[in-house]
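Trainee: So that we are looking at the same thing, I have put the structure below in structure tokens.
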Amino acid sequence: MRRMKLWVLICVNLFLLSGLCLAADGGGGIAEKFRYAAVLTSEEGENYTSVRLTPEIIGKSRSDLADLLLVSDGQAVPYFINSYSIARNMSVTVYEMDLADSYIKDPFQYLDYRLSPEPSGGSDIAATSINIAAFGQFVKDIALYGSYDGMNWDFVADDSIFQVEGSQKLSVSLLPREKYTWYRFRVSGGQEPVSFDRVWLEYSLDTVSKNAFAETLTPPMTVRQDKKTTVIALNGLRNLTLTDIEIKTDSMFKRNVSVNGVSHTLYNLVFGGERYRGLTLPMNRYQCPSDQLEIRVDNGDDVPIEVDSVTVSYLTYDVVFQNTRAPVTLYFGGNGISEPPRYDIASYKEHILAEGYGRTGISEITGQPVEPPQEAAPPDYTLFFNITIIAAAVLLAALLATRLKKVK
């Protein structure tokens, strides 16, 4: 009987403790929410597609664009952000050479060439290859030497030249580059002496440049007078990285103009039928933290200038992703997002940029439904109640244990 009472007491306490645990467990996952969305369409025939971010999207996102999400068919679409285009330029400069001397000194044939004409002032000519044009068939091993005066020769390279049945190699690389004005071919081989119809130097320059995406915008503006200052307020510039601002006006003036605390002298003058104009404010990639930016024109005691419009140049970005069959939706303006997503595609983006990618348009931006703020819930006394119950149970158990001892 005593054992049964003890087991009942233990079960009651366990039940009360489990009730406390259930009351304390009220957690749940927090779903990321985005305030805006726009549907994109993939471009057929391209492996990768991009969408150019507009000032509205940039302005409604975080300043670091960490809160961008692409979704297709319920799955996140990996992407990377690209801010530049790659331009490759190949230029070739040709320098003709004349035969200066030719002789045979067993077992070699020597052919000396010099620039035609020689550079003035003794300047050097940079070359990345020396090239030959010739008739007939031959295979020759050569040693190439270079000189600045035709008397003192420096070894440059060993190579071979040939022209056999449509196959030929008639160029010797001088990479990274050589600056000699004379070149000597020491030709070996047991065949008949070779003759060149033309010899010339080439300087090939292959340059790769990265050009940042830059676009222009004519933002809405308001103009007001603040005593002797004309204040031009530009709107819709939040998060934009500005390169310069140009004022459009027919007013004739030369005045100090300040923006973001930096002063510049702008002018629009006409003298003798010639127009002298300097109406551009350099912004040096200033990222506007707010939606509005003010330009202040110091008028002194002159009448205010008439501003027709203002053009802003800014940097923008492409969001590049792999093509999908289903439509892609761009979500942005996320709450509680502090870091951008990390995708594998960013680690091989240089290959994608070299291959190239298509471009898609963007539909109208729509606002996402936002849950209304919930009313404050009434105070929850569950925890206090459970603690009281447990305390009473512990006290009861102590009393029962004491009584059991007395009975024993």
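Trainee: Which entries in the list LYS33/LYS60; LYS179/LYS210; LYS169/LYS210 go over 25 Å, if you measure between the two C-alpha atoms of each? Each step should come with its number before you reach the end.
Mentor: Working: LYS33/LYS60 14 Å; LYS179/LYS210 29 Å; LYS169/LYS210 34 Å.
Exceeds cut-off: LYS179/LYS210; LYS169/LYS210.
Trainee: With Kirkwood's inverse mean 1/r over C-alpha pairs for Rh, give me the Rg to Rh ratio of region 69-190, two decimals please. Walk me through the numbers before you get to the answer.
Mentor: Details: Rg = 23.1 Å, Rh = 17.7 Å.
My calculation of the ratio gives 1.30.
Trainee: What part of the accessible area of region 241-370, given as a whole %, is carbon or sulfur when the probe is 1.4 angstrom?
Mentor: Answer for region 241-370 is 45 percent, counting heavy atoms of protein chains only.
Trainee: Grab the Cα-Cα distance for GLN75 and ASN235, subtract it from 0.36 nm times how many residues apart they are, and report the gain in nm with one decimal.
Mentor: Answer, rounded to one decimal: 54.0 nm.
Trainee: Considering only protein heavy atoms, with the full assembly of protein chains and a 1.4 angstrom probe, order THR265, THR49 by accessible area, largest first.
Mentor: Correct descending sequence by accessible area is THR265, THR49.
Trainee: Also, I was wondering about something else. Could I have the simple spin-label model distance between ALA326 and ASP98, label points 7 Å from Cα toward Cβ, reported in nm to one decimal?
Mentor: It is 7.5 nm.
Trainee: Can you tell me how much longer the chain between ASP149 and ASP197 gets when fully stretched, taken as 0.36 nm per residue apart minus their C-alpha distance, in nm with one decimal?
Mentor: Length gained between ASP149 and ASP197: 15.0 nm.
Trainee: Stretch HIS351-ARG275 to full length: gain in nm at 0.36 nm per residue minus the Cα-Cα span?
Mentor: Result: 22.5 nm gained on full extension.
Trainee: Modelled label-to-label distance, SER160 and ASN89, 7 Å Cα→beta-carbon offset: nm?
Mentor: Rounded to a tenth, the inter-label distance reads 3.9 nm.
Trainee: Percent of alpha carbon pairs in region 194-272 separated by more than 22 Å?
Mentor: So the pairs more than 22 Å apart make up 53 percent of the total in region 194-272.
Trainee: Can you tell me the Rg and the Dmax, both Å, for the Cα atoms in region 240-357?
Mentor: Computed over the Cα atoms of region 240-357, radius of gyration and Dmax are 21.6, 65 Å.
The values are calculated or read from the model by the stated rules, or taken from the named source; none is laboratory data. Just so we're clear, the structure is a prediction, and the values are computed from it rather than from any experiment. All Cβ positions, glycine included, derive from the backbone under ideal geometry; neighbour counts span all protein chains shown. SASA here: full protein model, heavy atoms, side chains in, ligands and nucleic acids out. Shrake-Rupley method; radii C 1.70, N 1.55, O 1.52, S 1.80 Å.
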